[in-house]
Amino acid sequence: MNNQYSMHMCKPVVLKWFALAVASTFLLIAVPGVMTAQPEKNDRPNIVFFLVDDLGWKDIGSFGSTFYETPNIDALAAEGMSFLQAYAASPVCSPTRASIMAGKNPGRMNTTDWFGAPQPDRVEGHWTQDKPLLPARYQPYLPLEEETIAEALKQHGYRTFFAGKWHLGREEKYWPENQGFDVNKGGYHKGQPNNYFSPYDNPRLSDGPNGEHLPDRLAAETVDFIKKSGDAPFFAYLSFYSVHNPQQARKDLIDKYKEKKEELGLEEKWGQEGDRKVRLIQESAVYAGMVEAMDQAVGKVIRSIREREIEENTIVIFFSDNGGLSTSEGHPTSNRPLRAGKGWMYEGGIREPMIIKWPGVTTPGAATQEPVVSMDFYPTILEAAGLPLQPEQHRDGKSLVPLLQGKRMDRGPLYFHYPHYGNQGGSPSSAIRRGDYKLIEFYEDGHTELYNISDDMAEQSNLVDEKPELVRELKQRLDRWKSSVGARLPSENSRDEAN
């Protein structure tokens with residue numbers, strides 16, 4: 001094996017000690033009669049990654065929302081590049097989060113459902129117990145054998161920081177501090193906060209004053225880390241619990257959006273998706289307040305970067321882990337014109353708002369329609385930092401540096417695998433996006449749907465009957481991919497047959 005790519009295979013102990021050694025390297029500077037040690041100057045870019053939970057593609061102003069207000073994120077889009085067809089690896093959270101950390105498709109790692117969902121032998125008493133299929137068995141943690149992007153950066157002297165939602169394994173050995181992060185503020189096994197206001201009852205985040213707001217606290221922790229980073233390059237990963245349930249917002253923001261809703265004359269409007277009703281218009285004052293509070297937290301961190309005068313050497317990334325919650329559990333947002341939302345293989349479930357600002361590289365206000373996916377962050381960050389790629393690790397990701405530089409790039413096919421029933425109404429399915437076309441395979445009855453996403457982002461015109469040869473080709477590609485990564489499939493539910 002080429003030495004350049006072999007080191008990541010020995011993760012357990014050697015690399016962790018090696019990373020510490022590299023991170024603490026000093027330049028010896030000769031002074032008459034004395035040898036003094038000075039920290040190595042930061043000549044690599046800092047990286048700030050904002051990951052929002054359950055934020056829909058159209059939940060920010062620069063991506064089309066006319067009700068929610070996100071001035072800080074909109075300003076980031078004006079200064080960086082917007083990816084208008086960016087995808088999460090999965091329509092639910094844990095699989096996408098694992099894909100960002102490991103650079104691999106959840107289908108390859110078998111991390112295909114949110115960590116805590118029932119296994120096939122544990123559906124008794126669950127709402128899916130009488131469904132036609134049993135979900136595929138999945139791995140409920142991010143394996144320690146995977147070298148995370150944090151560990152890869154740490155090996156090259158980066159200080160690493162995590163704040164917010166982790167949700168990548170129940171046991172402490174799978175938590176951020178054991179997956180490459182020097183600091184962990186709030187990350188443990190739970191997928192949603194007990195409370196958005198202190199006290200938090202979080203084993204990795206001390207309580208603040210009563211009433212302290214969680215997104216602001218996480219931003220403050222991030223700012224504190226940045227201020228203390230010194231000259232070492234840093235990777236700050238602010239992974240919001242917002243805007244996931246429970247739906248809780250500051251009273252001042254709720255009042256603001258109640259007034260705005262009344263001024264605009266907005267009323268609830270509903271449609272139907274499968275057996276679920278789907279919200280068709282953005283008008284929830286509570287959800288709007290959660291979105292704006294998250295935006296304010298983003299702004300707080302970005303201002304700290306400017307105040308430290310490191311903006312020109314800091315790459316900022318903004319993304320969401322799955323589509324907006326529109327078909328269940330409060331239905332707080334609408335993803336229209338995209339179809340459905342979180343938990344579904346339609347665009348509303350997997351297309352995300354994505355922005356990257358790389359000063360001196362990205363053209364301010366640029367946008368691209370090239371389809372990209374969450375596994376691409378890993379190699380993109382490495383290349384942007386001037387570090388060697390690790391193709392055996394980020395096997396399903398491709399560096400987006402050419403796109404960021406304004407060059408043409410064919411990302412190639414995207415594959416999605418969700419062999420589970422989503423709590424929000426989606427059913428076990430897989431999909432392939434190649435060029436303008438997206439094929440979805442549904443496992444309950446084996447039917448397929450084909451859409452031209454460029455012409456029909458709302459996925460209203462199923463082209464299966466019109467393009468049988470394309471359906472056959474894409475289905476074969478999807479089958480070969482599933483076989484090549486060892487993707488697990490759902491199985492027949494004998495309980496359902498008995499009924």
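Quick look at the values:
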read-out: At most 14 other Cβ within 10 Å, DSSP loop - trypsin sites (Lys or Arg not before Pro), the range 376-463; value: Lys407, Arg408
read-out: Value at 222 nm in deg cm²/dmol, rounded to 500, when DSSP H runs of n ≥ 4 in the chain each add -39,500 (n - 2.57); value: -7500 deg cm²/dmol
read-out: Between the range 288-320 and the range 390-455, the Cα center-to-center distance that results, in Å; value: 29
read-out: Among 236-243, 109-116, 202-209, the order from most to least packed when residues are scored by Cβ within 10 Å on average; value: 236-243, 109-116, 202-209
read-out: The range 98-109 - phi-based ³J(HN,Hα) in whole Hz, Karplus 6.51/-1.76/1.60, Gly and Pro as x; value: 5, 5, 5, 5, 9, x, 10, 5, x, x, 6, 8
read-out: Within-14-Å neighbourhood charge of Glu172 [Cβ basis; K, R +1; D, E -1]; value: +2
read-out: Top positive-direction residue, dipole computed over the range 271-317 with Cβ charges, set Val316, Val291, Gly271; value: Gly271
read-out: 24 Å Cα-Cα threshold exceeded, pairs from Lys398/Lys438; Lys398/Lys467; Lys357/Lys398; Lys58/Lys131; Lys165/Lys482; Lys342/Lys438; value: Lys398/Lys467; Lys58/Lys131; Lys165/Lys482
read-out: All aspartates and glutamates inside 16 Å of Lys269 as judged from Cα atoms, apart from same-chain residues fewer than 8 positions distant; value: Glu283
read-out: Taking only Cα atoms of the range 223-318, radius of gyration then Dmax in Å; value: 18.3, 55
read-out: Distance histogram for the range 170-212 (every C-alpha pair counted, 5 angstrom bins, percent rounded to whole numbers); value: 5, 23, 29, 20, 14, 8, 1
read-out: Neighbourhood charge, 13 Å Cβ-Cβ cut-off, centred on Arg339 and excluding it, Lys, Arg +1 and Asp, Glu -1; value: +2
read-out: Built amide H within the under 5 Å cut-off of Thr70, gap 5+; value: Gly61
read-out: Isotropically averaged projected area of the range 45-117, using the convex hull of Cα atoms (one quarter of hull area), nm²; value: 6.3
read-out: About the Cα centre, charge dipole magnitude for the range 280-416 (Lys/Arg +1, Asp/Glu -1 at Cβ), debye; value: 200
read-out: All aspartates and glutamates inside 13 Å of Lys104 as judged from Cα atoms, apart from same-chain residues fewer than 8 positions distant; value: Glu145, Glu146, Glu147, Asp376, Glu392, Asp396
read-out: Positive-end residue of Thr66, Phe50, Gly426, charge dipole of the chain with Cβ unit charges; value: Phe50
read-out: The chain - percent relative contact order, Cα under 8 Å, separation 6 or more; value: 23
read-out: Modelled FRET efficiency - R0 60 Å, Glu309 with Arg477, Cβ distances, 0.05 increments; value: 0.75
read-out: Total charge dipole magnitude, the range 214-268, about the Cα centre, Cβ charges on Lys, Arg, Asp, Glu only, Debye to nearest 20; value: 200
read-out: Lys/Arg +1, Asp/Glu -1 at C-beta; the chain dipole; positive extreme among Gln119, Thr380, Pro215; value: Thr380
read-out: DSSP-assigned coil residues among GluC sites (Glu not before Pro) in the range 388-472, each with at most 14 further Cβ atoms within 10 Å; value: Glu392, Glu444, Glu466
read-out: Only Lys, Arg (+1) and Asp, Glu (-1) charged, at Cβ; the chain dipole about Cα centre in debye; value: 960
read-out: Gyration tensor (Cα) of the chain, equivalent ellipsoid semi-axes in angstrom; value: 36, 27, 23
read-out: Share of carbon and sulfur in the accessible heavy-atom surface of the chain [1.4 Å probe, %]; value: 49
read-out: Long-range HN-HN contacts of Lys185 with modeled amide H, under 5 Å; value: Phe162, Ala163, Gly164
read-out: Other-chain or far-sequence residues with amide H under 5 Å of Leu133's (modelled H); value: Asn493
read-out: Potential extension, Glu212-Glu259 segment - 0.36 nm per residue separation minus Cα distance; value: 14.5 nm
read-out: Part-to-part distance (alpha-carbon centres) for the range 187-204 and the range 113-174, which is given in Å; value: 17
read-out: Per-residue ³J(HN,Hα) for the range 111-122, Karplus 6.51 cos²θ - 1.76 cosθ + 1.60, θ = phi - 60°, Hz, x for Gly and Pro; value: 9, 8, 10, 5, 6, x, 5, x, 7, x, 8, 10
read-out: Ranked order, His126, His213 - accessible area, probe 1.4 Å, largest first; value: His126, His213
read-out: At most 13 other Cβ within 10 Å, DSSP loop - trypsin sites (Lys or Arg not before Pro), the range 258-333; value: Lys269
read-out: log10 of Debye I(q)/I(0), alpha-carbon scatterers only, for the range 73-153 at 0.17, 0.25 Å⁻¹; value: -0.79, -1.14
read-out: Cα-based helix-to-principal-axis angle, 468-485 vs the chain, degrees rounded to 10; value: 50
read-out: Beta bridges per DSSP with both ends in the chain, % antiparallel, nearest 5; value: 60
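The values are calculated or read from the model by the stated rules, or taken from the named source; none is laboratory data. Please read these numbers as outputs of a predicted model, since none were measured by experiment. Every residue, glycine as well, gets a Cβ built from its backbone with ideal geometry; the counts of neighbours run over all protein chains shown. Just the protein is used for accessible areas: all its heavy atoms, side chains included, with ligands, DNA and RNA removed. Shrake-Rupley method; radii C 1.70, N 1.55, O 1.52, S 1.80 Å.
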